[in-house]
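The values are calculated or read from the model by the stated rules, or taken from the named source; none is laboratory data. Not measured: the values here are computed from a predicted model. With ideal geometry, Cβ positions are generated from the backbone for all residues, glycine too; neighbour counts draw on all protein chains shown. Calculation scope for accessible area: heavy atoms of the full protein, side chains included, ligands and nucleic acids excluded. Shrake-Rupley method; radii C 1.70, N 1.55, O 1.52, S 1.80 Å.
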Amino acid sequence: MKVLISTQQRLLLVDAEDLIFASIDGGMITVVARDLEGSSNYRTLEEMEDALASDVFWRPHRSFLVNIHTSRK
């Protein structure tokens, strides 16, 4: 699966397995991936969580969605 991320006025498709975490603040979802950081096209973390693999992503808090199989290097 791919996730659309807006960064530096560009739209990039990123593999879901490259996502490290996503957070929401003020209605905007910020996504941190291995090589970039940007905002998501999803409206809510629930929407994003439903689209991603449930065995890979964990919701430790209502404002965060974390990939449990990767770490930021």
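Charging the Cβ of each Asp and Glu at -1 and of each Lys and Arg at +1, and nothing else, the dipole of the chain about its Cα centre rounds to 200 debye. When shorter helices are ignored and each DSSP H run of at least 4 residues is given -39500 (n - 2.57), the per-residue value for the chain at 222 nm works out to -2500 deg cm²/dmol. Taking only the C-alpha atoms of the stretch 1-54, Rg followed by Dmax gives 10.1, 30 Å. For the stretch 50-58, 3J(HN,Hα) computed residue by residue from phi via the Karplus equation (6.51, -1.76, 1.60; θ = phi - 60°) reads 5, 7, 9, 5, 5, 8, 10, 10, 10 Hz, glycine and proline entered as x.
Could you look at the chain and say what percent of its accessible area is carbon and sulfur, using a 1.4 Å probe and all protein chains?
Whole-percent figure for carbon plus sulfur exposure: 48.
For the chain, the solvent-accessible area of protein heavy atoms averages 67 Å² per residue (probe radius 1.4 Å; ligands and nucleic acids excluded). For the chain, averaging the sequence separation of C-alpha pairs within contact (under 8 Å, six or more residues apart) and dividing by the residue count gives a relative contact order of 29 percent.
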